[in-house]
Ligand SMILES: Nc1ncnc2c1ncn2[C@@H]1O[C@H](COP(=O)(O)OP(=O)(O)O)[C@@H](O)[C@H]1O
Ligand SMILES: [Mg+2]
């Protein structure tokens, strides 16, 4: 590559990086562009994540052996380049790592490798933060020269800066959403809630102005239903408010159960749940507690969060109430269905078992991401 070609490469990548606002799409596009402009054939990018280990965030032209079964060999387990990164040894572009993933695919006879045996690994970083790894390879290429590594490092530095910019803007957006939720909660509190309150007291007050039985019974109905709506509104507002998001899960469940006036013991045996798992457990747990309060007459409720064999996270909500027949309610309530849907969204499963007069158990299992599970 001559000097002009190099400058063209750097410029067109910088332009693209500047435009992109989504991490995955940025990484895929930059990878395509790098391969196209450098005449390298194959590439992939691992993205690191404190909670979930690593993730295959972009890839291009993987040989069949690596593409095998939804890129099983790319996503499972660790390899030399990830180990080097995690032991702090991968600070700059590294020439040729003979790839453990490819070796494994070859050993297990998973199809063609199309001459790909080695790759260069370049850390994607900004300041002290390493965001991921850019790996590139070409058929039968076992060596990258200094110039190639230098240019790849330059590109990876640019990608690192783009990663930092996108992470910051994602953070800003999520702060914005939190603010918006708090604003909605405040507005609902100040408007709808106050109206309900005044309807409730007007109904109560008006009873003094009449002795007509029919009117009195209507007023009582208005009073009761506005009182129930007020209670539901209060729950909704509480769920919307984000100051309770900062609380630990165990406190949140205990406070929620207190509001619903049900007894609860809560055991959380895992620290640092990934945030999507925590949110899923919280939402499903809330609905399970709602059901216990509305339908069960339970005298004991247990919430247990644990992990099984380092492969999955589990939530159990157990009550000793009256139980119910699952066949009778199937397809009726939104609550049970939405619990199951929520679990599926994060690749997990929600099972409900119930025994007449003995109680009900809601069990949720969410598999850990590969990178974490294999640590
Ligand atoms: N913990 C529980 N104890 C007893 N019955 C329950 C429990 N959870 C759910 N049910 C039964 O299952 C039905 C469906 O629940 P759900 O889908 O949440 O709908 P909803 O709560 O709106 O009725 C409830 O109406 C109730 O009969
Ligand atoms: Mg329900």
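For the listed peptides 175-182, 132-139, 35-42, a ranking on the average number of other beta carbons within 10 Å per residue, highest first, reads 132-139, 35-42, 175-182.
Over all orientations, segment 1-79 has a Cα convex hull whose mean projected area works out to 6.4 square nanometres. Ordered by the count of other Cβ atoms within 10 Å of each Cβ, fewest first, 44, 282 give 282, 44. Dimensions of segment 248-375 from C-alpha coordinates, computed as largest minus smallest value along each principal axis and given longest first, are 43, 30, 21 Å. When shorter helices are ignored and each DSSP H run of at least 4 residues is given -39500 (n - 2.57), the per-residue value for the chain at 222 nm works out to -17000 deg cm²/dmol. For the peptides 251-257, 352-358, the ranking by mean Cβ contacts within 10 Å, running from highest to lowest, is 251-257, 352-358. Ranked by the mean number of other Cβ atoms within 10 Å of their residues, highest first, the peptides 72-80, 118-126, 14-22 fall in the order 118-126, 72-80, 14-22.
Here, each number is a calculation from the coordinates, and none is a lab measurement. Quick caveat, the model's predicted, so the values are computed rather than measured. Cβ sites come from the backbone with ideal geometry, for glycine too, and all protein chains shown count toward neighbours.
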